[in-house]
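Data block below; observations after.
The values are calculated or read from the model by the stated rules, or taken from the named source; none is laboratory data. Just so you know, these numbers come straight off a predicted model, no measurement behind them. In this analysis, Cβ positions are derived from the backbone assuming ideal geometry, glycine residues included, and neighbour counts consider all displayed protein chains. Only protein heavy atoms, including side chains, enter the accessible area calculation; ligands, DNA and RNA are left aside. Shrake-Rupley method; radii C 1.70, N 1.55, O 1.52, S 1.80 Å.
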Amino acid sequence: MKLRLERIFRGETYTVGKLYVDDNYFCDTIEDTVRDLVKESKVYGQTAIPAGRYKVELSMSNRFKRILPALLNVPHFTGIRIHSGNTAADSHGCILVGKNTEKGKVTMSRLYEQDLVMKLQGQ
């Protein structure tokens with residue numbers, strides 16, 4: 001299974017994207033601010049991961065106490081997950097899934113998280 005994230009809007013405090021599963025649109029995303037880590041410093045808890053290709057695996061999140069997708073070997077980051085949340089303040093570098101129905105937010109996030117985990121489990 002292939003996940004692809006297209007960042008479609010880069011705001012001052014958040015980034016909006018679209019997540020595709022096997023090239024089919026799945027949901028919207030909210031992340032922290034995209035920064036050029038070659039030219040500027042990472043701001044802890046306020047910086048989106050660098051664009052790139054990452055292996056994704058399901059594993060137990062100690063923080064969230066449930067199985068979540070984890071992105072592996074992300075440069076300058078550890079513990080990056082795809083999970084529920086509503087705004088970039090909930091992100092800390094992770095990718096939040098849902099519907100971008102309000103400016104700077106995603107809604108129905110828990111539903112999309114659960115659906116993504118089920119897809120990754122082959123259900």
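Can you find a residue in region 70-81 that is open to solvent by 80 Å² or more (accessible area, probe 1.4 Å), free of Cβ contacts under 8 Å to residues at least 40 places away in the same chain and of a type in the set (Val, Ile, Thr)? Looking for residues that are open to solvent by 80 Å² or more (accessible area, probe 1.4 Å), free of Cβ contacts under 8 Å to residues at least 40 places away in the same chain and of a type in the set (Val, Ile, Thr), one finds at least one in region 70-81, hence yes. Only residues that are under 11 Å from the mean Cα position of the chain (by Cα) and of a type in the set (Gly, Ala, Ser) were counted in region 56-108, giving 7.
The set of residues in region 16-47 being without any contact (Cβ under 8 Å) to a residue 12 or more places away in the chain and either in contact with a Ser or Thr (Cβ under 6 Å, 6 or more places away or on another chain) or open to solvent by less than 80 Å² (accessible area, probe 1.4 Å) (or both) consists of Asp36, Val43. Pairing each residue of region 97-123 that is in a loop (DSSP other than H, G, I, E, B) with any residue that is among the aliphatic types (A, V, I, L, M), provided the two are 6+ apart or on different chains, yields C-beta distances under 7 Å for Gln121/Leu58.
Every residue, every condition in (1) more than 17 Å from Asn62 (Cβ to Cβ); (2) among the hydroxyl-bearing types (Ser, Thr, Tyr), yes or no:
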| site | (1), (2) |
| --- | --- |
| Ile80 | no, no |
| Ser84 | no, yes |
| Ser91 | yes, yes |
| Met118 | yes, no |
